[in-house]
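Here the structure comes first, spelled out in structure tokens, and everything after it is commentary.
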Amino acid sequence: MDEHFETRIRRAKELLAGAECILIGGGAGLSSAAGLAYGGVRFREHFPDFMQKYGMTDMYSAGFYPFDTQEEKWAYWSRHILLNRWDPPAMALYRKLYELVRGKNYFVITTNVDAQFEKAGFDPERLFAVQGDYGLLQCAKGCHETLYPNEELMREMAAGQADCRIPSALVPKCPVCGGDMEVHIRKDAFFTEDDAWESAAQRYDAFVEEARTKKTLLLELGVGFNTPGIIRFPFERLALRRERTRLIRINLDDPGVPPVLMKKSLVFSEDLADVLTKL
């Protein structure tokens, strides 16, 4: 590693050690760096039949595929959910991140829906998963707020599918309105924000308010421009407006910060796993 990298690592360690509040923002780049990549070899190994039948190229774009039937849709999604939510253990990179902040006054806001923060040991009371959780189902039209754990059903679907279809008897239906069910991820206006989601949002707001006058570090990890209004832009505003707040941005593809924030930011364009390992 170059000397400039080592200098930034030393500065980052100082910021971590001196922070009274640490606000972590976790994006898709964090899980990708941890090994949960949505494309490449990992996709080809697990979805060769969907590639051949539908021309799919990666799990991200496949998530928007307009399947003709619920049987086809859940054949894909059951495999996707098991691969990215239920089957993986806590990835090593997330465990390293937890060790970095364990015992400190931290809070996590994340757009990731793979539950890696929980698996790695982060306190659920200090976590706001804004975009939902692959491990839950909801009414597709949001007719009621109850969410339903889906592991057992996803395993039945994966085991019972053939030719990219599940048996019709396994297609989930809303127990209230009788309509279709959906994965609990934010993709339209019907995303369910239940009491647990609302409580997490309130705890996040309370932490941000608590940090207003304290020495605060914003640790932004793998957050790009897919949904920048959730973490990236709010973190920039906090760093700009609060005198005692500093931003560390670790991002391989989109590391830049606005010129006005250069003196209050520490930027890493190196591999996220390498940076966290060094820290």
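We did not get these values from a lab; they are worked out from the coordinates using the rules stated. Remember, it's a predicted structure, so these values are computed and weren't measured experimentally. Cβ coordinates were reconstructed from backbone atoms using ideal geometry, including for glycine residues, and neighbour counts include every protein chain displayed.
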Worksheet item: Mind checking the angle between helix 3-18 and the chain's longest principal axis? C-alpha axes, 0 to 90 degrees, to the nearest 10.
Response: 90
Fill in: Spin-label pair Phe190/Arg11, simplified geometry with 7 Å Cα→Cβ offset, distance in nm
4.9
Worksheet entry | Extension gain from Ser199 to Val260, taking 0.36 nm per residue of separation minus the Cα-Cα distance | 18.6 nm
Worksheet item: For the chain, modelled as a Gaussian network with Cα springs under 10 Å, which listed residue fluctuates most, Gln52, Gln202, Gln161?
Response: Gln52
Practice prompt. In nm, give the distance between the simple-model label positions of Phe225 and Arg244, each being 7 Å from the Cα along the Cα-to-Cβ direction.
Written response: 3.5
Worksheet, complete the sentence: Check: C-alpha center region 12-52 vs C-alpha center region 142-200, spacing in Å is 24
Worksheet item: For Phe128, which sequence-distant residues (separation of 5 or more, or a different chain) have an amide H within less than 5 Å of its own amide H, given hydrogens modelled in the peptide plane?
Response: Val108, Ile109, Thr110
Worksheet item: What is the calculated FRET efficiency for Arg95 to Cys177, with r their C-beta to C-beta distance and R₀ = 35 Å, to the nearest 0.05?
Response: 0.25
Practice prompt. Give the calculated FRET efficiency between Glu125 and Val41 to the nearest 0.05, with a Förster radius of 45 Å applied to their Cβ-Cβ distance.
Written response: 0.75
Worksheet, complete the sentence: Taking Cα atoms, the helix 195-210 axis meets the longest principal axis of the chain at an angle in degrees (rounded to 10) of 10
Worksheet item: Among Asp68, Asp271, what is the fewest-to-most ranking by other Cβ atoms within 10 Å?
Response: Asp68, Asp271
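Give me Arg8, Arg203, Arg241 ranked fewest to most by other Cβ atoms within 10 Å of their Cβ, as a rough exposure proxy.
Numbers: Arg8 19, Arg203 15, Arg241 9.
By the 10 Å Cβ count, ascending: Arg241, Arg203, Arg8.
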Fill in: For region 3-278, size of Cβ-based charge dipole, Lys and Arg +1, Asp and Glu -1, in debye
1280
Discussion item. What percent of all Cα-Cα pairs in region 3-278 falls into each 5 Å bin, going from 0 up to the bin containing the maximum distance?
Written reply: 1, 5, 12, 16, 17, 15, 12, 9, 6, 4, 2, 0, 0
Worksheet item: How would you rank Phe43, Phe64, going from fewest to most other Cβ atoms within 10 Å of each one's own Cβ?
Response: Phe64, Phe43
Worksheet, complete the sentence: Helix 232-241 sits off the longest principal axis of the Cα atoms of the chain, rounded to the nearest 10 on a 0 to 90 degree scale, by 20
Response to the item:
When the charge dipole of region 3-278 is computed with +1 at the Cβ of Lys and Arg and -1 at the Cβ of Asp and Glu, the Cα pointing farthest to the positive end, of Ile185, Tyr65, Gln161, is that of Ile185
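How much mean residue ellipticity at 222 nm does the chain get from its helices, if each DSSP H run of length 4 or more adds -39500 (n - 2.57) and you divide by all residues, to the nearest 500 deg cm²/dmol? It would help to have the intermediate numbers written out before the result.
On the way: 12 runs with 111 residues, N = 279.
Mean residue ellipticity, 222 nm, calculated: -11500 deg cm²/dmol.
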Worksheet entry | Count of lysine pairs in the chain with Cα separation under 12 Å (8 or more residues apart, or interchain) | 4
